[in-house]
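Contents: one structure, followed by commentary.
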Amino acid sequence: MQITRSSIDTAKGPADWFTGDVYIDAVAAAPAPSRVTAGLVHFMPGARTHWHRHPLGQTVFVTEGIGLCQRRSGPVEVIRPGDRVLFEPDEEHWHGAAPNRLMVHLAINESDADHDVVHWLAPVTDAEYAAAPATG
């Protein structure tokens, strides 16, 4: 057993990955041979990732608030606490907060020597984001 006391500061999500205010807390980054990393990601209202893909897939688990997610060419979906979203390997997608609510999720990712964790793409446009259904 290993207990790691929290000593890593909350990181501001970089502008080349996110639109709006996003904050990330590292949760898991076990040494090899583990391939799993996890982060608790806090999206302020209206904040969202850019389009991106994960070569080995990604799971997000919503813990607070109301969020939105979309896979390329699919509808924008509303996600709420307790919802799990599995993005398939290399599936282009985005996720973030609803316009009027914050959203927090646990992001679980894998990588290995042959696969990066994520490939970042273009920002989600305001028109793409505005296609979301009402979250009320």
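Per residue, the chain reaches -500 deg cm²/dmol at 222 nm when only DSSP H runs of four or more residues are counted, each adding -39500 (n - 2.57). The GNM of the chain, with springs linking C-alpha atoms under 10 angstrom apart, assigns the highest mean-square fluctuation among Trp94, Trp51, Trp120 to Trp120.
Multiplying each eigenvalue of the alpha-carbon gyration tensor of the chain by 5 and taking the square root yields semi-axes of 24, 17, 13 Å, largest first, rounded to whole angstroms. Remark: the Ala11-Ala113 segment gains 34.2 nm on full extension, using 0.36 nm per residue and subtracting the alpha carbon distance. Of the residues Pro55, Pro89, Pro45, the one that moves most in a GNM of the chain with alpha-carbon contacts below 10 Å is Pro89. Pairs of Cα atoms nearer than 8 Å and 6+ residues apart set the relative contact order; for the range 17-136 it is 34 percent. Using alpha carbon centroids, what distance separates the range 49-112 and the range 17-33, in Å? So the separation of the two Cα centres works out to 14 Å.
We did not get these values from a lab; they are worked out from the coordinates using the rules stated. Note that the structure is a prediction, hence the values are computed from the model and not measured.
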